[in-house]
Amino acid sequence: MKPPPVIAGNWKMNLGPGAARHFVESFLPLVHGVDAELLLFPTTLALGPARSVAGDARVRFGVQNVHWEDQGAFTGEVSVAMAAEAGATHALAGHSERRQLFHETDAEVARKAVAIRAGGLVPLVCLGETLDERKAGRLEEVILRQLNAVLDALEGGTGPWMLAYEPVWAIGTGETATPDDAAEAHTLLRNRLVARGVAGAGKIPILYGGSVKPGNAAELLAAPQVGGLLVGGASLDPVGFAAIARAGTG
Ligand code: PGA
């Protein structure tokens with residue numbers, strides 16, 4: 001029996017403070033009693049407003065990015081402590097858009113993961129291969145390289161963390177990995193966690209992300225080693241995202 005899935009919505013640069021509040025008010029009644037760990041990642045500006053209308057509902061909130069320093073002259077950045085003060089319990093690190101559009105390196109992603117965990121938040125570390133890398137037969141090499149960088153940095157620390165496998169070719173493209181594709185990558189990641197002797201290796205949730213929709217959520221959640229879903233576009237609609245949250249509970 002798998003534990004209840006983690007169902008996470010990454011809103012990216014969508015839904016400002018007002019729209020985020022409105023989303024949460026519409027969404028919460030739709031997921032009442034759903035047996036899943038629900039996470040929302042609004043823009044940093046919308047985090048406080050979204051959370052303010054969530055009350056003590058089971059949904060929790062995270063930020064999409066942080067800087068690894070506590071404070072200082074880093075224009076445009078926010079620290080882990082600031083995110084925590086605004087109510088975040090989780091933070092993404094290494095989303096492929098950060099890696100590709102903002103040129104974040106494996107080393108920087110690892111630094112962020114360490115800072116997030118040291119600050120008492122749960123890092124949700126994203127990794128995945130591009131289409132060219134997949135076509136060149138480099139899936140295993142690429143995702144294990146990305147994973148190793150994080151494992152090297154997190155070694156010795158304590159506290160929960162999560163992984164998300166998000167093949168870049170499936171993000172925002174409508175092209176979903178098959179449950180078999182997801183299972184293959186997730187198994188590689190799980191085996192590496194175990195081989196490296198990572199604490200709680202068998203239990204660290206590994207989410208799948210990339211064009212998840214209400215229509216494919218259940219089959220992806222049923223795939224071996226898939227412990228949840230990280231949803232972009234389809235998390236912007238409360239009705240559709242609630243349907244995805246329900247997919248794991250049948
Ligand atoms: P998508 O995005 O669901 O729109 O493909 C997923 C993600 O980028 O986390």
### Task
Note the count of lysine pairs whose C-alpha atoms are less than 28 angstrom apart in the chain, limited to pairs 8 or more residues apart or on different chains.
9
### Task
At q = 0.07, 0.12 Å⁻¹, what is the base-10 log of I(q)/I(0) for the chain according to the Debye formula with one equal point scatterer per Cα and no solvent? Please give it to two decimals.
-0.20, -0.63
### Sparsely packed chymotrypsin sites (Phe, Trp or Tyr not before Pro) within the stretch 11-82, loop by DSSP, other Cβ within 10 Å at most 11
F74
### Query
Counting trypsin sites (Lys or Arg not before Pro) as exposed when in a DSSP loop with at most 15 other beta carbons within 10 Å, what is the longest stretch of the chain free of them?
59-137
### Message
Cut-off is 10 Å between beta-carbons; in what order do E69, E129, E166, E97 appear when sorted fewest neighbours first?
### Response
E69, E97, E129, E166
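When the helix-only estimate is applied to the chain (DSSP H runs of n ≥ 4, each -39,500 (n - 2.57), divided by the residue count), what is the mean residue ellipticity at 222 nm, nearest 500 deg cm²/dmol?
On the way: 10 runs with 102 residues, N = 250.
Only helices count here, giving -12000 deg cm²/dmol.
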### Task
Amide H neighbours of L38 under 5 Å, at least 5 residues apart or on other chains, H built in the peptide plane: list them.
I7, R60
## Note on the structure
One would report the antiparallel percent of DSSP beta bridges in the stretch 1-126, rounded to the nearest 5, as 0
### Task
Output ³J(HN,Hα) for the stretch 204-219: one whole-Hz value per residue in order, computed from phi by the Karplus curve 6.51 cos²θ - 1.76 cosθ + 1.60 with θ = phi - 60°, and x for Gly and Pro.
4, x, 10, 8, 9, x, x, 6, 6, 9, x, x, 10, 4, 5, 5
### Query
Dipole magnitude of the stretch 9-143 about its Cα centre, charges +1 at Lys/Arg Cβ and -1 at Asp/Glu Cβ only, in debye to the nearest 20?
260
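A short reminder: the numbers here are calculations on the coordinates, not readings from a lab. What you are looking at is a predicted structure, and each value in this text was computed from that prediction instead of being measured. Don't worry about glycine lacking a Cβ; one is built from the backbone with ideal geometry, like all the others, and counts go over all protein chains shown.
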